[in-house]
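Structure first, then comments.
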Amino acid sequence: MPISDLQPHQQRVVDERNELEDRLYRLSSFIAGTVFPRLPEQDRQLLEAQQHTMSAYVEVLTQRIELFTQTLN
């Protein structure tokens, strides 16, 4: 979907999803790294919960963007 076809509020959703995906990638990389296993258990659990919640949020934003696409076609 060309950016020019999006309404400003729709473009903000796309931008938000892109930023969130970047943050989620960095968090996932951290969790897969060498420091994460050495953190206290409670910190690890919270970071994994954060990762799960961020993934769900990305999915919601992606579904909203798909609706924008359907409306334009």
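The values are calculated or read from the model by the stated rules, or taken from the named source; none is laboratory data. All values derive from a computational prediction rather than experimental measurement. Note: accessible area is taken over every heavy atom of the protein model, side chains too, but ligands, DNA and RNA are not part of it. Shrake-Rupley method; radii C 1.70, N 1.55, O 1.52, S 1.80 Å.
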Note the angle between two axes, namely the Cα long axis of helix 8-32 and the longest principal axis of the Cα atoms of the chain, as a number of degrees from 0 to 90, rounded to the nearest 10. 20 degrees
Expressed in square angstrom to the nearest 10, the accessible area of F30 with a 1.4 Å probe stands at 80 Å²
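Explain nothing, just the number: relative contact order of the chain, from Cα pairs under 8 Å at least 6 residues apart, as a whole percent.
Numbers: 27 pairs, mean separation 35.2, N = 73.
Once divided by the residue count of the chain, the mean separation gives 48 percent.
Looking at the chain, I'd like the Rg to Rh ratio, where Rg is from alpha-carbon atoms and Rh is Kirkwood's inverse mean 1/r. List each step's numbers first, then the result.
On the way: Rg = 15.9 Å, Rh = 13.8 Å.
My calculation of the ratio gives 1.15.
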Could you work out how far helix 41-72 tilts from the main Cα principal axis of the chain, as a 0 to 90 degree angle to the nearest 10? 10 degrees
